[in-house]
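K.L.:
Okay, here's the structure, questions in a sec.
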Amino acid sequence: MRKNYLKYISCLMMMAVLFTSCSSDVLVTVRPESSSKPISVSWWGNDPRHEYMIEGLNLFEANNSDIRIDYSYAVWNGYENRYQMLMKSHNNADVMQINYAWLTKYSSDGLGYYDLSGLSDVIDFSNFTAADLATGTMNGKLNALPTAYNTSCFFYNGEIYSSYGLSTPSTWDDLFVAADAMRDDDMYPLGMIYKHVFLVLNAWYEQNYNSQLFDENGNYIGTESDIKNILEFYGELVNNHVLMPPSEFEVSYFGAGNVAGVSCWASDAQRYCSPLVENNVPVIVGDFISTGNEGGNGWYIKPATMFAISANCDNPEEAGRVLDYLLNSPEFIMLQGTERGIPVSVTALETLTENDMLSGVEYDAGKVMRDNMGSMVLINPMLENSDVQDAFKTYADMYLYGELSLDEAAAALNETFSNLT
């Protein structure tokens, strides 16, 4: 088999020489393995993201013959579990799309990812403000760079709300009024996945109790009484037909008109809203739900996604060139558009502006976020921590479906949160 393999390689090389000598229009270059350095890239997302990422990386490779790009990608569901195993075994990709919360989880000492500050020759840091760089800095080391900023946004089907003679909600009371109007038609004012249910409930809790569940160091500072109040309100939302039970909700429901509104990341606007936009159904970016008082208490911003380089990367300069391309290259940004949100990079933003690409529901969501940034701070990573989220999902639904009483569920969830930090 080895002899046959060597013959096969020899034939390919001979064909390359023949093609090169016979035609000035066709040039086949046989590149020895040692002439190109492999850089692996990983990310999660939906099909449109996969498509432009692959196209963009192929273009980069075609214009950088000294680098060979290998890539892997998947949908979000289950992604962090696989990523955690790769991080522990030091087999993660060289250039990684990461979640903001992972900086605290995997690099609290700043050593979990490569220190990008040493790559100023290949990464154009002038595209980022000091505040932008601070979001990716852990223990004095620049671990990651943000692609865009993100927040929980509310999107509403304007056609459905209009059919009930309703304005889109801006307060918690407005949501209950909408539920009363829609209940007989089995229509919910809101639907969302578990992560956003928890973030919405946390916003309600912070607004009504002027307190927080986790301190700035990630320590749980809530009480069993706090958790009981949160779970009780969760039950009120579902039982009063304000919120579709998250166990029944699917991302496609908003686009299909099965729910009248949704809460999701601003950067997910296209994923949730495209079916409605394509069918000329008006999509309204709503206000941040509040008690009706001034301020945006309980709502946070965060980097939408970030790019980091593995601490174990063998070729950090080449990886840095790839990372810079993904964040700052006009060529790549033209492919990406606003799919990840309104970009942070100055060059990326100028590229989209000059090409009249800042429009649509993604841009509208970004504008609402920017208009409210003065009343929001960076999200506490513990609110996105997968263990926190999983515990909430488990005990909240055990209460909702009668497997535990309110007191039992609150005690169990409070104890779990206490043991996580």
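K.L.:
Read phi for every residue in the stretch 299-306 and hand back ³J(HN,Hα) as whole Hz from Karplus 6.51 cos²θ - 1.76 cosθ + 1.60, θ = phi - 60°, with x for Gly and Pro.
P.N.:
Couplings: 10, 10, 10, 6, x, 4, 9, 9 Hz.
K.L.:
Which of the peptides 163-172, 241-250 is most tightly packed, and how do the rest follow, going by the mean number of other Cβ atoms within 10 Å of each residue?
P.N.:
Answer by packing, highest mean first, reads 241-250, 163-172.
K.L.:
Mind checking the log10 I(q)/I(0) for the stretch 262-321 at q = 0.29 Å⁻¹? Debye, one equal scatterer per Cα, no solvent, two decimals.
P.N.:
Rounded to two decimals, the profile gives -1.22.
K.L.:
What number do you get for the stretch 243-294 when its Cα radius of gyration is normalised by 2.2 N^0.38 Å, N = residues? Write out the running numbers ahead of the final one.
P.N.:
Numbers: Rg = 12.2 Å, N = 52, 2.2 N^0.38 = 9.9 Å.
After normalising by residue count via 2.2 N^0.38 Å, the value is 1.23.
K.L.:
Here is a further query. Just how large is the dipole of the chain about the Cα centre, in debye to the nearest 20, putting +1 at every Lys and Arg Cβ and -1 at every Asp and Glu Cβ? Each step should come with its number before you reach the end.
P.N.:
Details: 21 positive and 55 negative charges, 334 e Å.
Value, rounded to 20: 1600 debye.
K.L.:
Also, I was wondering about something else. Quote to one decimal, in nm, the extra length available between Asp184 and Lys88 on full extension: 0.36 nm per residue of separation minus the C-alpha distance between them. Numbers along the way, then the final one.
P.N.:
On the way: separation 96, 0.36 × 96 = 34.56 nm, distance 5.11 nm.
Full extension from Asp184 to Lys88 adds 29.4 nm.
K.L.:
I need the peptides 262-274, 194-206, 362-374, 401-413 ranked by packing, meaning the mean over residues of other C-beta atoms within 10 angstrom, with the highest value on top. Present the calculation step by step, with values, prior to reporting the outcome.
P.N.:
Details: 262-274: 23.3, 194-206: 20.9, 362-374: 17.8, 401-413: 15.8.
Highest to lowest by the protection proxy: 262-274, 194-206, 362-374, 401-413.
K.L.:
Can you tell me how much longer the chain between Glu206 and Asn58 gets when fully stretched, taken as 0.36 nm per residue apart minus their C-alpha distance, in nm with one decimal? Intermediate results must be reported in sequence, preceding the final value.
P.N.:
Details: separation 148, 0.36 × 148 = 53.28 nm, distance 4.62 nm.
Gain on extension, Glu206 to Asn58, equals 48.7 nm.
K.L.:
Which whole-angstrom value gives the distance between the alpha carbon centres of the stretch 364-387 and the stretch 122-139?
P.N.:
Cα centres, the stretch 364-387 to the stretch 122-139: 18 Å.
K.L.:
Here's another thing I want to ask about it. Please give the net charge around Glu224, taking every other residue with its beta carbon less than 15 angstrom from that of Glu224, where Lys and Arg add +1 and Asp and Glu add -1.
P.N.:
Numbers: positive: Lys228; negative: Asp226, Glu232, Asp407, Glu408, Glu415.
Counting the neighbours of Glu224, the net charge comes to -4.
K.L.:
In whole Å, what is the distance between the alpha-carbon centres of the stretch 185-226 and the stretch 167-184?
P.N.:
19
K.L.:
How many Å³ per residue does the convex hull of the Cα positions in the stretch 353-421 occupy?
P.N.:
Values: hull volume 10.6 nm³, N = 69.
It is 153 Å³ per residue.
K.L.:
Could you give the accessible area per residue of the chain, probe 1.4 Å, as a whole number in Å²? Before the final figure, lay out the partial values.
P.N.:
Numbers: 19580 Å² over 421 residues.
That works out to 47 Å² for each residue.
K.L.:
When the Cα atoms of the chain are enclosed in a convex hull and the volume is divided per residue, what value in Å³ results? Before the final figure, lay out the partial values.
P.N.:
Details: hull volume 77.2 nm³, N = 421.
Expressed per residue, the convex hull around the Cα atoms of the chain is 183 Å³.
K.L.:
Taking amide H atoms as placed 1.01 Å from N in the peptide plane, list the residues 5 or more away in sequence, or in a different chain, whose amide H sits under 5 Å from that of Leu142.
P.N.:
Close amide H contacts, sequence-distant or interchain: Leu116, Ser117.
K.L.:
With a sphere of radius 13 Å drawn around the Cβ of Ala396, what net charge do the other residues whose Cβ falls strictly inside it have (Lys, Arg +1; Asp, Glu -1)? Mind dumping the intermediate values first?
P.N.:
Details: positive: Lys195, Lys228, Lys393; negative: Glu232, Glu236, Asp390, Asp397, Glu403, Glu408.
Overall, the nearby charge balance is -3.
K.L.:
If the convex hull of the alpha-carbon atoms of the stretch 114-185 is projected onto planes in all directions, what is the mean projected area in square nanometres? Display every interim value, and only then the final one.
P.N.:
Details: hull surface 34.0 nm².
Averaged projected area of the stretch 114-185's Cα convex hull equals 8.5 nm².
K.L.:
Which values, in whole Å and largest first, are the semi-axes of the equivalent ellipsoid of the stretch 153-253 obtained as the square root of 5 times each eigenvalue of the Cα gyration tensor?
P.N.:
Details: eigenvalues 151, 37, 33 Å².
Semi-axes from the Cα gyration tensor: 27, 14, 13 Å.
K.L.:
For a distance above 14 Å, tell me the whole-number percent of Cα pairs in the stretch 311-373 that qualify. Don't skip to the end; give the middle numbers.
P.N.:
Working: 1172 of 1953 pairs.
It works out to 60 percent of all Cα pairs.
K.L.:
Return the tail of the calculated pair distribution for the stretch 30-110, meaning the percent of Cα-Cα pairs more than 14 Å apart. Display every interim value, and only then the final one.
P.N.:
Numbers: 2211 of 3240 pairs.
Summing the P(r) tail past 14 Å for the stretch 30-110 gives 68 percent.
K.L.:
Now for a separate question. Under the rule of at least 5 residues apart or a separate chain, name every residue whose amide H is placed under 5 Å from the amide H of Cys264.
P.N.:
Here the answer is Cys153, Phe155, since their amide H atoms fall under 5 Å of that of Cys264.
K.L.:
Moving on to the next point. Residues with beta-carbon under 12 Å from that of Pro246, excluding Pro246: net charge, scoring Lys, Arg +1 and Asp, Glu -1?
P.N.:
Values: positive: Lys195, Lys393; negative: Glu248, Glu250, Asp397.
Once all neighbours under 12 Å are counted, the net charge is -1.
K.L.:
Moving on. Computed FRET efficiency, Cβ-Cβ of Ser65 and Thr421, R0 51 Å: what is it to the nearest 0.05? Working shown, then result.
P.N.:
Numbers: r = 49 Å, r/R0 = 0.96.
Here the calculated transfer efficiency is 0.55.
K.L.:
Rg to Rh ratio, the stretch 229-352, alpha-carbon atoms and Kirkwood radius? Present the calculation step by step, with values, prior to reporting the outcome.
P.N.:
Values: Rg = 19.4 Å, Rh = 18.1 Å.
Radius of gyration over Kirkwood radius for the stretch 229-352 works out to 1.07.
K.L.:
Leaving ligands, DNA and RNA out of it, report the carbon-plus-sulfur percent of the accessible area of the chain at a 1.4 Å probe.
P.N.:
Details: 9540 of 19580 Å².
Within the chain, the accessible surface is 49 percent carbon and sulfur.
K.L.:
As a test question: what accessible area, to the nearest 10 Å², does Glu354 have when a 1.4 Å probe is rolled over all protein chains in place?
P.N.:
150
K.L.:
Quickly estimate the mean residue ellipticity at 222 nm for the chain, helices only: each DSSP H run with n ≥ 4 gives -39500 (n - 2.57), and the total goes over all residues, rounded to 500.
P.N.:
Working: 17 runs with 196 residues, N = 421.
The helix contribution divided over the chain gives -14500 deg cm²/dmol.
K.L.:
How long is the gain from Ser274 to Ser163 if the chain were fully straight, where each residue apart is worth 0.36 nm and the alpha carbon distance is subtracted?
P.N.:
Residue separation times 0.36 nm, minus the Cα-Cα distance, leaves 37.9 nm.
The values are calculated or read from the model by the stated rules, or taken from the named source; none is laboratory data. For clarity, every value in this text was computed on a predicted model and none was experimentally measured. Every residue, glycine among them, receives a Cβ derived from its backbone with ideal geometry; neighbour counts consider all protein chains shown. All accessible areas refer to the heavy atoms of the entire protein, side chains included, with ligands and DNA or RNA removed. Shrake-Rupley method; radii C 1.70, N 1.55, O 1.52, S 1.80 Å.
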